[in-house]
Amino acid sequence: MLKENLTAVEERIQAACSRAGRDRSEVTLISVSKTKPVRALEEAYGLGVRVFGENKVQEIRDKYEALPKDIEWHMIGHLQTNKVKYIIDKVKLIHSVDSMRLAEVIEREAEKHNRTADILLEVNVAQETSKFGLKTEEVLPFYEEAIRLPHVNVRGLMTIAPFVDNPENNRSIFADLHKLYVDIKEKNIDNGTVSILSMGMTNDFEVAIEEGATMVRIGTAIFGARDYGKQGVFSGKRV
């Protein structure tokens, strides 16, 4: 089933790229494996998946130890400042930075590991009270402050759009974030390192691609519905 799911998702990504006149290579698929056991990730790995997204620090820590080291891990969930130290040397990209306090902690932890941490700024375009993220008008001032941190590299923007029955209802959300992304790129403050626009999930990723997404975060369409009753259980142990 996983193989068929991956094939179907790949076909949908390709079709969305074609409709938008984009090359398939412009879009990175992040397989969102949160709550899924190691064996499911091993199966995906065997099918060629190398980019996984998790929203819990503990899951990244456990799965990082259990799986091959050529996997690219993405932290896509809300990150607490006191947990940065556990993943700073394990993740390729942190998608969910929305406060200078968090950015400064990432800076300190990255310096300790003698590395530069790649981050995205999370933007709450829809201004949903239940979600984290910067307001659109806060993004540019925040960005100009964050790029002064020597061990932090702001690579772009991310948003979690509302869950909607009709993906078209999120098109304006994605278009607004793309416009903000282009505005930042055109300022060229960072000498061209802004190149990532992470938006779109299982229910709306095709519209996100049509509106300029360079990363899509897809879980359910690949791994099936999540069983939150088993969250925290990997390889037979609870964490």
Residues in region 147-164: is at least one in a helix (DSSP H, G or I) and either touching a strand residue (DSSP E or B) at 6+ places or on another chain (Cβ under 8 Å) or closer than 30 Å to MET1 by Cβ (or both)? no
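Got at least one residue in region 167-183 being in contact with a Gly (Cβ under 6 Å, 6 or more places away or on another chain), among the hydrophobic types (A, V, I, L, M, F, W, C) and under 22 Å from LEU93 (Cβ atoms)?
Filtering region 167-183 down to residues in contact with a Gly (Cβ under 6 Å, 6 or more places away or on another chain) leaves 178.
Within this subset, residues satisfying the condition of being among the hydrophobic types (A, V, I, L, M, F, W, C) are none.
Within region 167-183 (the criterion being in contact with a Gly (Cβ under 6 Å, 6 or more places away or on another chain), among the hydrophobic types (A, V, I, L, M, F, W, C) and under 22 Å from LEU93 (Cβ atoms)), the answer is no, since none of the residues qualifies.
Determine whether GLU111 is more than 20 Å from the chain's Cα centre (by Cα), of a type in the set (Asp, Glu), closer than 28 Å to LYS85 by Cα and modelled with pLDDT under 95.
On the way: more than 20 Å from the chain's Cα centre (by Cα): yes; of a type in the set (Asp, Glu): yes; closer than 28 Å to LYS85 by Cα: yes; modelled with pLDDT under 95: no.
Taking the combined requirement at face value, the residue does not satisfy it.
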Complete set of residues in region 1-34 that are out of contact with any Gly (no Cβ under 8 Å at 6 or more places or on another chain) and more than 22 Å from THR214 (Cα to Cα): LEU2, LYS3, GLU4
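To keep it simple, each residue is scored yes or no on (1) more than 27 Å from VAL123 (Cβ to Cβ); (2) β-branched (Val, Ile, Thr); (3) at pLDDT 95 or above.
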residue	(1), (2), (3)
ASN5	yes, no, yes
ASP23	no, no, yes
VAL38	yes, yes, yes
GLU42	yes, no, yes
VAL51	no, yes, yes
LYS85	no, no, yes
Looking only at region 60-72, which residues are within 15 Å of ARG217 (Cβ to Cβ) and either surrounded by 23 or more Cβ atoms within 10 Å (Cβ to Cβ) or over 14 Å from the mean Cα position of the chain (by Cα) (or both)? ILE60
In this structure, is HIS95 touching a residue at least 60 places away in the same chain (Cβ under 8 Å) and either part of a helix (DSSP H, G or I) or at negative phi (or both)? yes
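The values are calculated or read from the model by the stated rules, or taken from the named source; none is laboratory data. Bear in mind that the values here come from a model prediction, so they are computed numbers and not experimental data. Every residue, glycine among them, receives a Cβ derived from its backbone with ideal geometry; neighbour counts consider all protein chains shown.
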